[in-house]
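> Submitted below is the structure of interest, expressed as structure tokens.
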């Protein structure tokens, strides 16, 4: 694959997506939130006003002074991957990219006016070339979607929450916003995983990368099918108490659990939507201005309704039953948690053992 004036194109043939809109790969919840925000009157003005308070300039100076900027002269292989990812997703302006010393594998895309990508040495040392290509594509996907703006706001508010923790109710207010942003950001990570797959176009490499994030260097000790089976077991296992614990476990996180990410990505890779993109049928950026907020929210609502209906998680099943008129919320919750349905102590409403002490906090 070549283009006049463009060097360091992919070493193997990959499909390119000229003019692709981020709507092509965004998770329904992520997409509807972004479309709504972009349509809000005065939204850009508000963020420009906040830019004086946000630490963007400080962050840029910090990475410039205390990290290694990726270029043809430094981490050249990463620079090639970055330009490759921008070429594949047709992102005209290549973001700045830095490698920072940190043994913990991580990467992020931040910035208000211009996104910058930061990867840690732990991540660079952990992943092979194709796995790293998917990660760089993941971060370029964040940049194309405009996620860097909201990630910067999230970083700022998280730091602010620590500073105002001593103020009565002050931390509660800030943390409520942070919690909402984290919920959106977890969905945005699923979107960016899809962008990484579009860039790398190697599902196995994406799977390996996620397994390494969960289990480290010992890839020879891991198996993709067994790893995906963990995600299925995670969704299916336990009772309502475990469902609540799952929610509590994920609330402080900015990223979904790695097994869940792997399962979601594999599902999308096998979908008709992915195949249509690979065949060249996808929404263009030139059409973004005509995007309907109502249609986007309707699609998001439909996605969640389908998720609830198809979920094997006990809490999601309960929500589906209640939505379908199968019973009242209070009674079902009491029955599920107490195991008292129909007077059968130790069994849930389906007559199955409730698992004894499993799932208790």
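The values are calculated or read from the model by the stated rules, or taken from the named source; none is laboratory data. Being a predicted model, the structure only gives us computed values, none of them experimental. Quick reminder, even Gly has a Cβ in these numbers, built from the backbone with ideal geometry, and neighbours come from all protein chains shown.
> Filter the strands (runs of 3 or more DSSP E) completely within the range 59-158 down to those with at least 1 residues that are without any contact (Cβ under 8 Å) to a residue 24 or more places away in the chain and either within 25 Å of residue 26 (Cα to Cα) or under 22 Å from the mean Cα position of the chain (by Cα) (or both).
It comes to 116-120.
> Name the residues in the range 16-63 that are at pLDDT 85 or above and surrounded by 13 or more Cβ atoms within 10 Å (Cβ to Cβ), would you?
16, 17, 20, 21, 22, 23, 24, 25, 26, 27, 63 - these are the residues of the range 16-63 that are at pLDDT 85 or above and surrounded by 13 or more Cβ atoms within 10 Å (Cβ to Cβ).
> Whether any residue in the range 122-134 is closer than 18 Å to residue 60 by Cβ, at pLDDT 85 or above and surrounded by 20 or more Cβ atoms within 10 Å (Cβ to Cβ) is what I want to check.
no
> Applying the selection to the range 111-121, what residues are under 18 Å from residue 92 (Cβ atoms) and surrounded by fewer than 24 Cβ atoms within 10 Å (Cβ to Cβ)?
Within the range 111-121, 111, 113, 114, 116 qualify.
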